Amino acid sequence: MVLTMYLSRLVLPLKWTRAISTSVVNNGKRNFRKFLLHNKRGSRSFKEERKKLKGNEPTDVPVYHYGVRPTGYHDAKGNFIAVPEMIPELMVPDLTDFKLKPYVSYRVPDVVQSEFTAQDLFDAVYSRKIVEDFKNNKLDSNGNPTEPSEEEALTPEEAKERARRTGSDIFEY
Amino acid sequence: MRLTLLLFENVGELTKKYANLPERYIKRSMEQVYWKTPNAIQYLPRTVQRKKFRFTTNRPWTYQFLQQNERGTHRKKVFVEPILEWSIFRGDRVQVLVGRDKGKQGIVSRVIQERNWVLVQGLNCHMRFTGKDKDFPGVAVLSEAPLLVTNQVSLVDPSDLLPTKIEWRFTEEGERVRVSERTGRIIPMPLMADETHDYKSKSAYKESPKDTVESELTKITFSPTLRTFEMDVMNEMEKKEENVTNVADVPS
């Protein structure tokens, strides 16, 4: 295929033919080393062109933060508004009289524990009351308790609200 | 198969065990990554790194190993016979079968599994001069040369102190032991085999102030409650935050 292209060039020397990569040599065109041109990378002309684009399609040229999470947001004008709650607060407990240390001695035998599943948590929190209610006939026809405890009266929405009240970001979507 | 896994697999089990270093550390200190594709969606995860290492008596995480395997150095490949069941350990009594010390018995001081080598204390030695200067001839040091486990060294039967071939068999209790083929006597595992850089044996380890003791480790202090980790922590700290800016409400 390369040979025929060269031959065509010889026949029509003044005509500029556009070459198409079809040969094996050009299969290695996967070197994208220079294609991440974020922030200050790229030539001056490239950055000038990019500045013109920025107003129209800001999502095309977002600023690359290298994985650093923001502690605020940008308003319509572009000003950055800091949100103090977005700054992570390290809650470090008091470690006086705390016996567990960073390392474990080699003399210790292997501790094997089974997995603590959601079922185990349910059993630990609810099972005793359920058994007592059953014995004292305090369950109605559907099996629900007639005198629910605080945990039993909890609805899923209320439980989620309680968890979110801590201000943690694990429920962020 | 992943390249890094292949490279790391060359490091022997006994080497890792003696070092007592985390495997991730050994892998990380060994590898020489020359270029790595950036972490972006248009790139496939590829690395340009050194694939062939020359293993020596210097351990893979040392600076001397790095010097010997510097970027650009190419060494001829050393063909190492793959041994399925490694039978000679640190502290074993072995007889040297070749060289100047042929027929002598000694105790294994180092095992280098990557080259099928064994260094016997005081045997198969040569003199070398370290710290040579213009005026100073250097300090004479007696250093052992490594011996191949396959045909240059042989385990010694403790009953008659003669070299013997061994087989791995199971005792009645189910323990895997080495048995001398000639006499049938069990060759016990030497005590030095348990040794690592940090301790001579696990029971002889001296606990430091930063070590958790067994009595504290085996205590169960967990009581299951219907709280998330954050709620638990807040409960401990006795903080009740009610007016919190929810992150979802912040305009993006």
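The values are calculated or read from the model by the stated rules, or taken from the named source; none is laboratory data. Please read these numbers as outputs of a predicted model, since none were measured by experiment. Cβ: placed from backbone, ideal geometry, glycine included. Neighbour counts: every protein chain shown. The area values use the complete protein model at the heavy-atom level, side chains included, leaving out ligands, DNA and RNA. Shrake-Rupley method; radii C 1.70, N 1.55, O 1.52, S 1.80 Å.
In a loop (DSSP other than H, G, I, E, B), at pLDDT below 75, open to solvent by 100 Å² or more (accessible area, probe 1.4 Å) and farther than 24 Å from B:ILE41 by Cα: is that true of A:LYS15 in this structure?
yes
State the number of residues belonging to segment A:26-58 that are outside any helix (DSSP H, G or I), surrounded by 10 or more Cβ atoms within 10 Å (Cβ to Cβ) and modelled with pLDDT of 65 or more.
Selection size over segment A:26-58: 7.
Only one residue in A:VAL61, A:VAL68, A:VAL92 is within 23 Å of the chain's Cα centre (by Cα) and modelled with pLDDT under 90. Which one?
Going through A:VAL61, A:VAL68, A:VAL92 in turn, just one is within 23 Å of the chain's Cα centre (by Cα) and modelled with pLDDT under 90: A:VAL61.
What are the residue pairs meeting all of these: first residue in segment A:78-95, first residue more than 13 Å from A:ASP169 (Cα to Cα) and within 9 Å of another protein chain (Cβ to nearest Cβ), second residue open to solvent by less than 100 Å² (accessible area, probe 1.4 Å) and among the hydrophobic types (A, V, I, L, M, F, W, C), Cβ atoms under 7 Å, and 6 or more apart or on different chains?
Cβ pairs passing all conditions: A:VAL83/B:VAL250; A:MET91/B:VAL233; A:MET91/B:MET237.
Can you tell me how many residues within segment B:185-199 are in a loop (DSSP other than H, G, I, E, B) and open to solvent by less than 40 Å² (accessible area, probe 1.4 Å)?
Summing the residues that are in a loop (DSSP other than H, G, I, E, B) and open to solvent by less than 40 Å² (accessible area, probe 1.4 Å) in segment B:185-199 gives 4.
Quick check on this structure: which one of B:ARG169, B:ARG182, B:ARG176 is more than 8 Å from chain A (Cβ to nearest Cβ), exposed (fewer than 11 other Cβ atoms within 10 Å of the Cβ) and at pLDDT 90 or above? If you could, list the steps in order and put the result at the bottom.
Numbers: B:ARG169 fails: exposed (fewer than 11 other Cβ atoms within 10 Å of the Cβ); B:ARG182 fails: exposed (fewer than 11 other Cβ atoms within 10 Å of the Cβ).
One residue alone meets the criteria, B:ARG176.
With the structure loaded, tell me whether A:TYR66 is farther than 30 Å from B:ASP211 by Cβ, part of a loop (DSSP other than H, G, I, E, B), within 12 Å of chain B (Cβ to nearest Cβ) and not charged (D, E, K, R) or whether it fails that test.
Yes.
Looking at segment B:14-48, which of its residues are hydroxyl-bearing (Ser, Thr, Tyr), farther than 30 Å from B:ARG90 by Cβ and either part of a loop (DSSP other than H, G, I, E, B) or away from chain A (no Cβ under 14 Å) (or both)?
Within segment B:14-48, the subset hydroxyl-bearing (Ser, Thr, Tyr) is B:15, B:18, B:25, B:29, B:34, B:37, B:43, B:47.
Within this subset, residues satisfying the condition of being farther than 30 Å from B:ARG90 by Cβ are B:34, B:37, B:43, B:47.
Result: B:THR37, B:TYR43.
Only one of B:LYS210, B:LYS202, B:LYS219 is at the interface with chain A (Cβ under 9 Å from one of its Cβ atoms), surrounded by fewer than 12 Cβ atoms within 10 Å (Cβ to Cβ) and at pLDDT 90 or above; which? It would help to see each step written out before you state the result.
On the way: B:LYS202 fails: surrounded by fewer than 12 Cβ atoms within 10 Å (Cβ to Cβ); B:LYS219 fails: at pLDDT 90 or above.
Just a single option satisfies the conditions, and that option is B:LYS210.
For (1) aliphatic (A, V, I, L, M); (2) closer than 30 Å to A:LEU37 by Cβ, each residue gets a yes or a no:
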{"position": "B:TYR34", "(1), (2)": "no, yes"}
{"position": "B:PHE55", "(1), (2)": "no, no"}
{"position": "B:PRO60", "(1), (2)": "no, no"}
{"position": "B:GLU70", "(1), (2)": "no, no"}
{"position": "B:VAL80", "(1), (2)": "yes, no"}
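Go through segment B:17-37 and report how many residues are over 13 Å from the mean Cα position of the chain (by Cα) and surrounded by fewer than 11 Cβ atoms within 10 Å (Cβ to Cβ).
So the answer is 2.
So which strands (runs of 3 or more DSSP E) stay within segment B:110-181 end to end and still have 1 or more residues that are farther than 30 Å from B:PHE55 by Cβ and among the hydrophobic types (A, V, I, L, M, F, W, C)?
Because the criterion is at least 1 residues that are farther than 30 Å from B:PHE55 by Cβ and among the hydrophobic types (A, V, I, L, M, F, W, C), the strands (runs of 3 or more DSSP E) in segment B:110-181 that meet it are B:166-170, B:176-180.
Could you list, in sequence order, all residues of segment A:100-131 that are surrounded by 12 or more Cβ atoms within 10 Å (Cβ to Cβ) and away from chain B (no Cβ under 14 Å)?
Of everything in segment A:100-131, just one residue is surrounded by 12 or more Cβ atoms within 10 Å (Cβ to Cβ) and away from chain B (no Cβ under 14 Å), namely A:ILE130.
Residue-wise test of (1) more than 29 Å from B:TRP61 (Cβ to Cβ); (2) surrounded by 14 or more Cβ atoms within 10 Å (Cβ to Cβ); (3) at pLDDT below 95.
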{"residue": "B:ARG93", "(1), (2), (3)": "yes, yes, no"}
{"residue": "B:GLN105", "(1), (2), (3)": "yes, yes, no"}
{"residue": "B:CYS125", "(1), (2), (3)": "no, yes, no"}
{"residue": "B:ARG128", "(1), (2), (3)": "no, no, yes"}
{"residue": "B:PRO146", "(1), (2), (3)": "no, yes, no"}
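Among the listed residues B:VAL98, B:VAL139, B:VAL118, identify the single one that is open to solvent by less than 30 Å² (accessible area, probe 1.4 Å) and either among the hydrophobic types (A, V, I, L, M, F, W, C) or under 22 Å from B:ILE83 (Cβ atoms) (or both).
So the residue among B:VAL98, B:VAL139, B:VAL118 that is open to solvent by less than 30 Å² (accessible area, probe 1.4 Å) and either among the hydrophobic types (A, V, I, L, M, F, W, C) or under 22 Å from B:ILE83 (Cβ atoms) (or both) is B:VAL118.
Is it the case that B:SER159 is surrounded by 11 or more Cβ atoms within 10 Å (Cβ to Cβ) and farther than 20 Å from B:GLY99 by Cα?
yes
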